[in-house]
Amino acid sequence: MSDQDQERLLETARRLLDGGKEGRDDETFDAAHPSDVAAILQHLPLEQQVALFRRLSAERAGDILPALDDTTLLALVRALDEVEVSRILDEMPPEHAADVVKELPRDEAEKILDLMEEEHSEDVQEVLEYPEHSAGRLMSPDFVAVREDATVEDAIKHIRDSVASERAFELYVVDSHRHLVGTVPLRRLLIADPATAVLAIRDESVVSVPTGMDKEEVARVVAKYDLVAVPVVDERHHLVGTITADDVVDIVGEEATEDIFRMAGSDAAELERRSPRQIALMRLPWVMATLVIEMGAGVVIHYFDQTLGKVILLASFMPVIQAISGNTGLQSVTMVVRGLATGQVQLSRWWEPLRRQVQTSSILGGVCALVVGTVGWVWHSAAFAFVVAVSMFISVNLSGFAGTMIPMLSKRLGFDPAITAGPFETALQDVLGVTIFLSLATMLLHWIS
């Protein structure tokens with residue numbers, strides 16, 4: 001939806017709230033996509049959000065509620081009556097209803113679950129029993145499956161009876177104990193002879209994921225095998241749900257956002273519901289850790305103050321070497337953190353990304369060394385050019401090495417590399433760059449002073 005369309009929908013909502021309808025305002029609002037309605041709700045005061053939600057059917061409200069951001073959703077649910085919320089949740093898929101319930105305080109969540117239809121409430125509670133970031137929490141318990149002794153005709157009839165309430169991208173085949181034993185693509189099912197046994201046309205090599213698998217790993221499985229939906233099985237290989245591609249798209253977006261915020265020492269909640277004081281307290285440990293390391297650079301510079309006093313031009317090249325090597329290291333960190341998240345970088349084969357980075361850093365370091373060396377020669381002397389060129393080459397290569405190894409080491413030690421790698425690599429490289437540069441300059445001071 002364009003900004004103009006969004007503005008028109010917002011005006012439509014305001015007219016409906018004011019009671020001054022124009023033309024087909026009701027039809028326009030009811031026809032709008034749930035995500036678009038969720039987007040304009042955030043521009044309305046809470047009282048108007050509540051009033052607008054009460055105009056909607058429980059089914060329509062159930063489509064819109066999951067599309068809201070966490071802050072708006074929580075405020076709206078708390079403002080609505082518990083009975084109203086329970087009716088809306090009854091119309092939502094269990095996995096989406098679980099996402100709403102988990103945001104509520106425990107006592108309030110229990111009250112709403114008690115008010116919901118018993119069967120639906122049990123489904124929601126079953127979803128909530130799985131770990132928060134697992135496949136079990138993400139899956140939909142609605143799927144279409146038939147017994148392996150069913151015929152094609154039986155399977156098609158079952159799909160016709162089930163498709164109104166369940167989304168079927170593939171037909172799953174289970175045995176008498178509900179073990180997943182295969183899948184049948186719908187195209188194959190439709191062109192098969194009605195009397196054919198489903199067992200004869202199934203694919204046995206079905207890709208599935210366990211309920212405890214982390215959602216990032218689920219996304220990698222779906223991407224690797226180009227799946228539209230992936231079945232979820234429990235520890236006894238019973239089929240318990242499915243995860244569709246649209247859920248995986250949400251995972252990828254959430255995880256990418258999470259990694260970006262963590263690399264800055266924050267999280268996505270900063271944009272939504274954290275106060276300035278909470279944000280400052282969250283960032284402070286990383287800022288202080290970086291400050292302590294950077295103070296080391298100050299100590300190094302003070303230690304070599306006599307060298308700087310004799311060749312003041314050295315001070316002009318220090319920030320250049322620090323900046324270039326720091327950027328190289330940060331680029332390495334970004335690539336490795338992303339590779340670890342997508343599975344392209346494996347800790348068991350740590351030498352592969354390291355080898356590539358050493359080759360890349362050698363090229364980058366060589367080019368940068370040539371440039372600063374040439375400038376140093378023009379401005380001062382050949383000896384000075386040698387100092388700045390060698391310092392640049394070593395610093396860039398060390399930075400690339402550190403930017404590759406620190407994320408993998410953090411992962412190996414059980415830390416989140418997206419949080420730890422960036423700040424520490426940058427600060428550490430500043431200290432190393434200055435130390436290498438001024439140490440080499442001091443060794444060759446006789447020729448450059």
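The set of residues in region 162-196 being in contact with a Lys or Arg (Cβ under 6 Å, 6 or more places away or on another chain) and either part of a loop (DSSP other than H, G, I, E, B) or modelled with pLDDT under 85 (or both) is empty. Test Glu170 against the stated conditions and say whether it is open to solvent by 50 Å² or more (accessible area, probe 1.4 Å) and closer than 30 Å to Leu104 by Cα. Criteria not met by Glu170.
The condition of being free of Cβ contacts under 8 Å to residues at least 12 places away in the same chain, within 30 Å of Met288 (Cβ to Cβ) and of a type in the set (A, V, I, L, M, F, W, C) holds for only one of Leu398, Leu413, Leu438, Leu428, that being Leu413.
Every condition in (1) open to solvent by 40 Å² or more (accessible area, probe 1.4 Å); (2) over 14 Å from Ala145 (Cβ atoms) holds for Arg178 except the one numbered (2). Determine if region 46-55 includes at least one residue that is closer than 17 Å to His33 by Cα, open to solvent by 40 Å² or more (accessible area, probe 1.4 Å), not in a helix (DSSP H, G or I) and not β-branched (Val, Ile, Thr). Yes: region 46-55 contains one or more residues that are closer than 17 Å to His33 by Cα, open to solvent by 40 Å² or more (accessible area, probe 1.4 Å), not in a helix (DSSP H, G or I) and not β-branched (Val, Ile, Thr). Of all residues in region 56-97, those that are open to solvent by 40 Å² or more (accessible area, probe 1.4 Å), under 22 Å from Glu122 (Cα atoms) and under 21 Å from the mean Cα position of the chain (by Cα) total 2. Selection within region 335-350: residues that are of a type outside the set (Lys, Arg) and more than 18 Å from Leu413 (Cβ to Cβ). The member of this set that is modelled with the highest pLDDT is Met335. When region 181-232 is filtered for residues that are within 22 Å of Pro141 (Cα to Cα), open to solvent by 70 Å² or more (accessible area, probe 1.4 Å) and more than 31 Å from the chain's Cα centre (by Cα), only Glu204 remains.
Under the condition of being open to solvent by 10 Å² or more (accessible area, probe 1.4 Å) and touching a residue at least 24 places away in the same chain (Cβ under 8 Å), the residues counted in region 384-395 number 4.
Under the condition of being of a type in the set (Val, Ile, Thr) and in contact (Cβ under 8 Å) with a residue 60 or more places away in the chain, the residues counted in region 106-141 number 0.
Of the residues making up region 316-334, those that are under 23 Å from the mean Cα position of the chain (by Cα) and either at pLDDT below 80 or over 17 Å from Ile436 (Cβ atoms) (or both) number 5. Number of residues in region 388-410 that are at pLDDT below 85 and farther than 18 Å from Arg355 by Cβ: the value is 1. Of the residues making up region 100-112, those that are in contact with a helix residue (DSSP H, G or I) (Cβ under 8 Å, 6 or more places away or on another chain) and either surrounded by fewer than 21 Cβ atoms within 10 Å (Cβ to Cβ) or assigned to a loop (DSSP other than H, G, I, E, B) (or both) are Lys102, Glu103, Leu104, Glu108, Ala109, Lys111.
Quick one: is Asp26 closer than 20 Å to Arg137 by Cα and either part of a helix (DSSP H, G or I) or open to solvent by less than 30 Å² (accessible area, probe 1.4 Å) (or both)? When the stated conditions are applied, Asp26 does not pass them.
Table: residues versus (1) among the hydrophobic types (A, V, I, L, M, F, W, C); (2) open to solvent by less than 40 Å² (accessible area, probe 1.4 Å).
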{"site": "Leu291", "(1), (2)": "yes, no"}
{"site": "Gln346", "(1), (2)": "no, no"}
{"site": "Ser361", "(1), (2)": "no, yes"}
{"site": "Gly366", "(1), (2)": "no, yes"}
{"site": "Val372", "(1), (2)": "yes, yes"}
{"site": "Ala382", "(1), (2)": "yes, no"}
{"site": "Phe401", "(1), (2)": "yes, no"}
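The values are calculated or read from the model by the stated rules, or taken from the named source; none is laboratory data. On a predicted model such as this, the values are computed, not experimentally measured, just so you know. We place every Cβ from the backbone using ideal geometry, glycine too, and count neighbours over all the protein chains shown. Note: areas computed on protein heavy atoms with side chains; ligands, DNA, RNA excluded. Shrake-Rupley method; radii C 1.70, N 1.55, O 1.52, S 1.80 Å.
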